[in-house]
């Protein structure tokens, strides 16, 4: 007998040992910058292991309440970039979702993931540290595996704390909080959207590819995706199913090995959405081209977020 969405979600949460956020986290404001459309704050808050998570927070002008988006940054082999790329201060300008969404009236939070930018063990800021950046990230995965944990558990526990920071912000509409990410960030979105039922909507770009397909093609697994035993019982598609019946956009491309079989993921998950009378809530935008975001995809993602939040 097939599991229900609720049963499937709880089973995967148990496997990953996801910890509930026990209390509303406080954050410290470290710096502030004003613009005509919004205020941008550099903040920090405590992660799941009492470590410090730096993040950028954008708050539009006005009283609110505003919809909100938690943005998970990409990877791209550039561990010296995290929140600053989402802020448009470094890296690819087509990753600068923070100011773009804030101009559309969203409160936006973009934290550094573990081992990126200011959460690297040996160097802070946006200057690369050569092989050290890679090996420290590898260590974070390996040390957790031998202790019986996973890097994904840490990534998701921190992501859920970040979500709670948004949820408890006085200018945020608690019923209209979404998540967004490309590539590594897109992986985080798929897991967090599936396992945190409080998230109202989400967009995962360049990440909807099954474990099965990746292993058949010889595509490397991002370190947080290494979860012992996961494929014995589950597939990435199951996480998308767990998002039902909430609004979810998958963005993929024909030559992108990291979203190669996104059409299969969408089709299989949509069957579960349909059972819940929500088939139209799971959308899939497929483009010609490779993994990197284009201006067309960037703008389409922004427009989708605005449309979905506006309809709630």
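Which of the peptides 116-127, 71-82, 168-179 is most tightly packed, and how do the rest follow, going by the mean number of other Cβ atoms within 10 Å of each residue?
Details: 116-127: 16.8, 71-82: 23.1, 168-179: 18.6.
Final packing ranking: 71-82, 168-179, 116-127.
With each run of n ≥ 4 DSSP H residues scored as -39500 (n - 2.57), what mean residue ellipticity at 222 nm is computed for the chain after dividing by its residue count and rounding to the nearest 500 deg cm²/dmol?
For the chain, the value works out to -11000 deg cm²/dmol.
Under 1.5 on a/c is rounded, so check that first for the range 201-310, then, if it is not, pick prolate when a/b is larger than b/c and oblate when it is not; a ≥ b ≥ c are the square roots of the alpha carbon gyration tensor eigenvalues.
On the way: a/c = 1.99, a/b = 1.17, b/c = 1.70.
Oblate is the answer for the range 201-310, as a/c is 1.5 or above yet b/c matches or exceeds a/b.
May I ask for the distance between the Cα centers of the range 278-312 and the range 158-214, given as a whole number of Å?
14 Å
Starting with the highest mean, order 7-16, 225-234, 23-32, 253-262 by the number of other Cβ atoms within 10 Å, averaged over the residues of each peptide. If you can, show how the numbers build up before the last one.
Values: 7-16: 16.8, 225-234: 14.1, 23-32: 11.4, 253-262: 20.8.
Ranked by mean Cβ neighbours within 10 Å, highest first: 253-262, 7-16, 225-234, 23-32.
Calculate the length of the line joining the C-alpha centroid of the range 239-263 to that of the range 1-68, in whole Å.
Centre-to-centre (Cα) distance: 22 Å.
Over the chain, what is the percentage of antiparallel beta bridges among all DSSP beta bridges, to the nearest 5? Don't skip to the answer; put the middle values down first.
Working: 20 of 45 bridges.
Bridges in the chain are about 45 percent antiparallel.
Starting from the Cα gyration tensor of the range 250-312, multiply each eigenvalue by 5, take the square root, and state the resulting semi-axes largest first in whole Å. Intermediate results must be reported in sequence, preceding the final value.
Details: eigenvalues 94, 65, 6 Å².
Taking √(5λ) for each Cα gyration eigenvalue gives 22, 18, 6 Å.
How do the peptides 87-97, 185-195 rank, highest first, by the average count of neighbouring beta carbon atoms within 10 Å per residue? Walk me through the numbers on the way to the answer.
Values: 87-97: 19.7, 185-195: 26.5.
Highest mean packing first, the order is 185-195, 87-97.
Which whole-number percent is the relative contact order of the chain (Cα, under 8 Å, 6+ apart)? Mind showing how you got there, number by number?
Working: 632 pairs, mean separation 51.5, N = 312.
Taking the mean separation of contacting Cα pairs over the length of the chain, I get 16 percent.
Could you give the length gained by full extension between residue 197 and residue 280, i.e. 0.36 nm per residue of separation minus their alpha carbon distance, to one decimal place? Don't jump to the answer; show the numbers that get you there.
Numbers: separation 83, 0.36 × 83 = 29.88 nm, distance 1.85 nm.
Length gained, residue 197 through residue 280: 28.0 nm.
Bear in mind these aren't lab numbers, they're just calculated from the coordinates by the rules spelled out. In this text, all values refer to a predicted model and were calculated from it rather than measured experimentally. For neighbour counting, all protein chains shown are included, and Cβ atoms are generated from backbone atoms with ideal geometry for every residue, glycine included.
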